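Taken together, the values in this text are just the output of simple stated rules run on the coordinates, not laboratory data. Note that the structure is predicted; figures quoted are calculated from it, not measured.
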Amino acid sequence: VQLQASGGGLVQAGGSLRLSCAASGRTFSRHYMGWFRQYPEKEREFVATITSGRHTIYADSVKGRFTISRDNAKNTVYLQMNSLKPEDTAVYYCATGQPILSQARQESSYSYWGHGTLVTVSS
């Protein structure tokens, strides 16, 4: 099983980026697919997740600015990031798993992880 994240880069504050994460090795249509981010020397934190039924959950810090979506035919999850702020600068990781809804924000609920992609937002 592999998760391949892409789409990171450098953008000015107020700009947009779209992250993609393609899964291979098995079908994840029945899994949650989520995004986490990690600041230097900090723990990974939850950003957003989408259930198999396309229910979405967001961290308060990104609600209204980020949109998560999935394409099951392509085994891919996306994170559209708008109105980016310097504090969004981090390494972003995609992950997949089958948590119960109440634990969907927890890193430990996800079984498979991709390599991170760096997002840098300049002020």
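Building the convex hull from the alpha-carbon atoms of the stretch 1-63 and averaging its projection over directions returns 5.5 nm².
Taking every alpha-carbon pair in the chain and binning the separations at 10 Å intervals from zero gives 15, 50, 30, 5, 0 percent.
Hey, in the GNM for the chain with a 10 angstrom Cα cutoff, which one of Glu45, Glu87, Glu107 fluctuates hardest? Maximum fluctuation in the GNM of the chain, among the listed residues, is at Glu87. Comparing Arg70, Arg37, Arg26 in a Gaussian network model of the chain, where Cα atoms under 10 Å apart are tied by springs, the biggest mean-square fluctuation is seen for Arg26. For the stretch 56-123, the equivalent ellipsoid derived from the Cα gyration tensor has semi-axes of 22, 14, 13 Å, listed largest first. Bridge orientation summary for the chain: considering DSSP beta bridges with both residues in this region, about 90 percent are antiparallel. Residue separation of Arg54 and Asn82 scaled by 0.36 nm, minus their Cα-Cα distance, works out to 8.1 nm of gained length.
How much length is gained on full extension from Val1 to Arg30, taking 0.36 nm per residue of separation minus their Cα-Cα distance?
On the way: separation 29, 0.36 × 29 = 10.44 nm, distance 1.51 nm.
Contour length minus the Cα-Cα distance gives 8.9 nm.
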